[in-house]
Amino acid sequence: MPGNRFGDVRWLRSVDSTNRYLLDEARAGAPEGVVAVADHQEAGRGRLGRRWEAPPGANLLCSILLRPDLPVGSRHLLSTVVALAAADACQAVAGVTPVFKWPNDLLAVDGRKLAGVLAEADATGQPGLPAPVVVGIGVNVAWPGSDADLPAELVGRATSLCQEADRLVEREPLLAHLLAALEPRVAALGRAAGRSAQADELRRRCATVGARVRVQLATGSFDGTATGVTDEGHLVVATPSGTRTVVAGDVVHLRATEERDPLSGPSGRLASE
Ligand code: BTN
């Protein structure tokens, strides 16, 4: 693998969460670059406290330990480069070109979700090592095979690479391509121009920019029109009370009916929305 920054890949049969596993490894002093992959997660974590579900062996469930030397305000870009590398891998291995939904979801062209990213930091840090950030990504590879596999609240909201490519797609080459594509993207984050280039790629591929959105924060939600992505990867939203910059949260792309009826938004129970 070029540069071999991500040479320590630990493929686990079953674990509660690959993010939890790597955060514990980081607290014990593991270096940047350790990768944890699981056939099955018993308690996979999604954003905003949701669960991330997938049948054993079906999807790519993987976390990457980074110890970035980055301005704190640019940390969002760590998730961005993992999502961009995953999109590179989807293209190379499955011939599928995802679009982005802020913060870092990968969607099929029809808007169904293909992958989600969850970054978790350990604020305590370890002596002599930059503080760790674990970036986890779940890519729907073989599940769902069709809408019939999904619980009612996810029908029409999630898809997989096998569905989109209409052929068998395997996790191992997808992971290899993702890690190879991630290497230069992580290296680019060490320079201001490189950070700006990664944010620019997200901005150009991001279906959220220009969309009516509902922004979901840990503290509540608000509606507006997404107008851009900053060089730090944050979302700029125009609202009737002024422009807001969203650093962390989730968005729903609103359709006219959802604007009239807020109850028609997606369920928060499962993550693959
Ligand atoms: C989202 O809500 O869209 C983010 C989902 C992130 C899921 C991945 S699967 C591998 C890693 N381990 C976890 O527990 N979560 C992430």
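When each of PRO130, PRO103, PRO144 is tested for being of a type outside the set (Lys, Arg) and surrounded by fewer than 14 Cβ atoms within 10 Å (Cβ to Cβ), the lone residue that passes is PRO130.
Taken over the range 174-196, the criterion of being open to solvent by 50 Å² or more (accessible area, probe 1.4 Å) and either of a type in the set (Ser, Thr, Tyr) or assigned to a helix (DSSP H, G or I) (or both) is satisfied by HIS177, PRO184, ALA192, ALA193. Remark: pairs (first residue in the range 94-119, farther than 15 Å from LEU254 by Cα and without any contact (Cβ under 8 Å) to a residue 24 or more places away in the chain; second residue of a type in the set (Lys, Arg) and assigned to a strand (DSSP E or B); Cβ separation under 8 Å; 6+ apart in sequence or on different chains) = ASP105/LYS113.
Residue-wise test of (1) at pLDDT 95 or above; (2) farther than 12 Å from VAL135 by Cβ; (3) among the acidic types (Asp, Glu).
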| residue | (1), (2), (3) |
| --- | --- |
| TRP11 | yes, yes, no |
| ASP16 | yes, yes, yes |
| VAL37 | yes, yes, no |
| TRP52 | yes, yes, no |
| ALA58 | yes, yes, no |
| CYS62 | yes, no, no |
| LEU66 | yes, no, no |
| LEU70 | no, yes, no |
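Would a scan of the range 31-39 turn up a residue that is within 14 Å of the ligand (Cβ to nearest atom) and farther than 16 Å from LEU118 by Cα?
yes
When you check ALA92 against the structure, is it away from the ligand (no atom under 14 Å from the Cβ), surrounded by 15 or more Cβ atoms within 10 Å (Cβ to Cβ), in a helix (DSSP H, G or I) and at pLDDT 95 or above, yes or no? When the stated conditions are applied, ALA92 passes them.
Applying the set (1) without any contact (Cβ under 8 Å) to a residue 24 or more places away in the chain; (2) assigned by TED's automatic domain parsing to the domain that holds SER63 to LEU182 leaves exactly one unmet item: (1).
Conditions tested, residue by residue: (1) of a type in the set (A, V, I, L, M); (2) in the same structural domain as GLN216 (by TED's automatic domain parsing); (3) out of contact with any His (no Cβ under 8 Å at 6 or more places or on another chain).
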{"site": "ARG67", "(1), (2), (3)": "no, no, yes"}
{"site": "PRO71", "(1), (2), (3)": "no, no, yes"}
{"site": "HIS76", "(1), (2), (3)": "no, no, no"}
{"site": "SER79", "(1), (2), (3)": "no, no, yes"}
{"site": "ALA87", "(1), (2), (3)": "yes, no, yes"}
{"site": "GLN91", "(1), (2), (3)": "no, no, yes"}
{"site": "VAL96", "(1), (2), (3)": "yes, no, yes"}
{"site": "ASP105", "(1), (2), (3)": "no, no, yes"}
{"site": "ALA108", "(1), (2), (3)": "yes, no, yes"}
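Candidates LEU60, LEU48: the one that is in contact (Cβ under 8 Å) with a residue 60 or more places away in the chain and open to solvent by 50 Å² or more (accessible area, probe 1.4 Å) is LEU48.
For the range 234-246, state whether one or more residues are at pLDDT 90 or above, part of a loop (DSSP other than H, G, I, E, B), open to solvent by 80 Å² or more (accessible area, probe 1.4 Å) and closer than 21 Å to LEU78 by Cα.
From the range 234-246, those at pLDDT 90 or above are 234-246; that's our starting set.
When the remaining residues are screened for being part of a loop (DSSP other than H, G, I, E, B), the result is 234, 240-241.
Filter once more, so that each one left must be open to solvent by 80 Å² or more (accessible area, probe 1.4 Å): 240-241.
With closer than 21 Å to LEU78 by Cα added as a condition, the list becomes none.
Scanning the range 234-246, I find no residue that is at pLDDT 90 or above, part of a loop (DSSP other than H, G, I, E, B), open to solvent by 80 Å² or more (accessible area, probe 1.4 Å) and closer than 21 Å to LEU78 by Cα, so the answer is no.
In the range 16-33, the residues that are over 11 Å from ALA121 (Cα atoms) reach residues that are in a helix (DSSP H, G or I) and among the polar types (S, T, N, Q) with C-beta atoms within less than 9 angstrom, at least six apart or across chains, in these pairs: GLY33/ASN4.
The values are calculated or read from the model by the stated rules, or taken from the named source; none is laboratory data. As the structure is a prediction and not an experimental result, all values here were calculated from the model. Ideal geometry is used to build each Cβ from the backbone, glycine not excepted, and the neighbour counts take in all protein chains shown. Areas reflect the complete protein model, heavy atoms only, side chains present, ligands, DNA and RNA absent. Shrake-Rupley method; radii C 1.70, N 1.55, O 1.52, S 1.80 Å.
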